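Engineer: Here it is, the structure, as structure tokens.
What follows draws every value from the coordinates through simple rules; no lab data is involved. Every value quoted in this text rests on a predicted model; they were computed, and no experiment measured them. All Cβ positions, glycine included, derive from the backbone under ideal geometry; neighbour counts span all protein chains shown.
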Amino acid sequence: MPTRSTPSHRMLVRLLVAAQLLYVLGVAGAGYATTAYGQHIILATSPVDLHGLQYESFVRLRYTIAEAPLTAWRGPTSPQRRQSVYVLLSTGADSLAAVVGVYEAAPRPTAGQAVLRGWVTDVFPRTLGLRYNLERYYVPGDSPLRLGKTSPAVRVRVSIAPWGQARIERVELFKPTAVR
Amino acid sequence: MSRKFLETESPAWVADGLITAEQQQRLLARYPPDAVQAVGLLPLLGSILLLLSALSIVAANWQSLPTQVRLGLLLSTLAAAYAGGEYFLRRGNRRVGHGLIGLGLVVFGVSIILTSQLYQLVGYDVSGLLAWVVVGVLLSYLYESQALVLLPIIIGAAVQTYCTQALGTFSYATMGLVALGSGYRWWRRPDTIVASVLATGLLWQAALWVALSHSKITWFFIPAMLVYAAGDWHPERPASRALQGPPLVAAYLFALGLALFGETDQYAGLLRPPVLAYLGALAAVFALSVAGKRQRGRLASLPDWLLLLPGFYLPGGLPLAIATLVVLYAHAGSVLARAHRSGEAEQLTLGTVLFVVATMVAYFKLTWAFLDKSLFFLIGGVLLLTMSWYLRRRNAQRLAAGVATVATGPTPPSTSDKSPTA
């Protein structure tokens, strides 16, 4: 283990630091690529509570697809809490995504379908509680949500990369007259 | 002995004729006053305050900064921390240098998290954070610093916690990196603090694995005793004992819990894994441990394994509680016997405490139901006092005998040598 600053040691450190910088850039690149090459779906939420925005920089989104009937479960064994699952969503041309089935292994989506990964939070007698890790939305400074309308309903545009990552592309206020 | 002590005391030694003035000067020269740190306290505090102010400005405006600026800030902080660390190391200021390198590692992890958040990006496996552990382990090999060895162990535990709690999977890669990467680093440069933290970190990950897989909690002791067995193979005694400490504490607490609550079959039922699989795995680890002990000549510590006796396969109820108590007594007795043989004061104290604890548990278990409360406490108190008096006496005698046989020089052993356990 070198303790002195020999040329080879310095070289290794430089390589390691460069690798870290590239890695962080790679994470950012994955963000861009997910939007560029991903499949886009639109998710509906229940009204968003904006009060927390005074103290925090994010809001909590409650998706309508966060709850699925237990009949949508497609797995050999009954679902367990904290289990990771694949949610098959049907996406219409401009319509909202709806749950088709909840799978334990990755299903093959047909045209007009998308797969979003998630986790089981609760197993109720008739329904499944699901979590997508997309619930926490960091509201950008120029977002319309910052204008402080109380409890608006929103539409969330999510892109899903072919390699499985997903990101919130943008969040729009839901007004039938003024979408976008 | 500190320099200050030498400075104040040595004139008296010269006056008493113990040493000459020349010898005094040579002694003082041998222990030079601590070199003044290159970075004093005031500039350090000042720069911390400046850093905090910059940090709070950035944090307050984080969401309104453009994406590229945020990314740039993260990357330049990362690069600056490492560059600063290398700069201070080259100037010979190891503490600040290693501190800044460690800061760079932390900034790397923060950058991964904040960049994912920047793009509202969700990852479904731990690969994003795994890079953090990899870099941490690599850095610990590049620098000779205890803190930089501890960091990846702690980061590994944190990443594993996130992975099991938020993603619902266990990252075997993280466990392997910490066990093999940090483990090998410790093996090459043994250190007691690193050993304790390493063992605790690995045990933490093992506990997360048990919790996530809904296994019987007794499976926890297979990885835990693997850590213990690794300690058996290490050539250096203090470091290996430090590595074995956390697994032994866990095993002891488990045995204690079994003695206290084992009576109810409901609890014992939670502990019974499939007999053949569990005993087979345990026997394999045991064989590994015994082989190590034999190789290093430490077979005396074999009774540690008493705590791992799978008594929970016994039918619940009183037999189980009593069998566990017998095991606890046997273990405490073995520690005492070993301490008497080696004459180690700390081991004697430990053995005494274990013995008292076993007695207390036995007393609570067996007499609470039969005795009047005041009589119960009275007898208990008398019992403990008598026992502590007896054990202390024995320890003192043993140690005195040990010192007397060792001390053949002209100076007789002083009484203060004999009673560190008192």
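Engineer: So, in Å, what gap is there between the alpha-carbon centers of segment B:294-348 and segment A:13-88?
Structural biologist: Between the Cα centres of segment B:294-348 and segment A:13-88 lies a distance of 50 Å.
Engineer: Continuing with the same structure: Could you pull out every one of the aspartates and glutamates with an alpha carbon less than 15 Å from that of B:LYS365, ignoring same-chain neighbours closer than 8 positions?
Structural biologist: Partners found: B:GLU263.
Engineer: Sticking with this structure for a sec: Can you find, among A:ALA66, B:VAL135, A:THR150, the residue farthest towards the positive end of the dipole of the protein assembly as shown? Put +1 on the C-beta of Lys and Arg, -1 on that of Asp and Glu.
Structural biologist: After comparing all options, I get B:VAL135.
Engineer: Another question about this same structure. For chain B, what is the calculated [θ] at 222 nm in deg cm²/dmol (nearest 500), taking -39500 (n - 2.57) for each run of four or more DSSP H residues and dividing by its residue count?
Structural biologist: Working: 17 runs with 305 residues, N = 422.
Calculated mean residue ellipticity at 222 nm is -24500 deg cm²/dmol.
Engineer: A follow-up question, please. Between 0 and 90 degrees, rounded to the nearest ten: what's the tilt of helix A:7-37 against the longest Cα principal axis of chain A?
Structural biologist: The two axes meet at around 20 degrees.
Engineer: With the Cα gyration tensor of segment A:39-173 giving a ≥ b ≥ c as the square roots of its eigenvalues, does the rule (a/c under 1.5 for rounded; else a/b larger than b/c for prolate; else oblate) give rounded, prolate or oblate?
Structural biologist: Prolate, because a/c is 1.5 or more and a/b exceeds b/c.
Engineer: Another question, if that's okay. Which helices of chain B meet both criteria: a Cα extent of 15 Å or more along the helical axis and a mean Kyte-Doolittle score no lower than -0.5, with helices taken as whole DSSP H segments?
Structural biologist: Working: long enough: B:3-16 (20 Å, -0.61); B:41-60 (28 Å, 2.42); B:67-90 (35 Å, 0.62); B:94-118 (34 Å, 1.28); B:127-142 (23 Å, 2.06); B:146-162 (25 Å, 1.63); B:192-212 (30 Å, 1.77); B:221-233 (18 Å, 1.15); B:237-261 (35 Å, 0.93); B:275-296 (31 Å, 1.00); B:318-342 (36 Å, 1.04); B:345-367 (32 Å, 1.28); B:373-406 (49 Å, 0.68).
Answer set is B:41-60, B:67-90, B:94-118, B:127-142, B:146-162, B:192-212, B:221-233, B:237-261, B:275-296, B:318-342, B:345-367, B:373-406.
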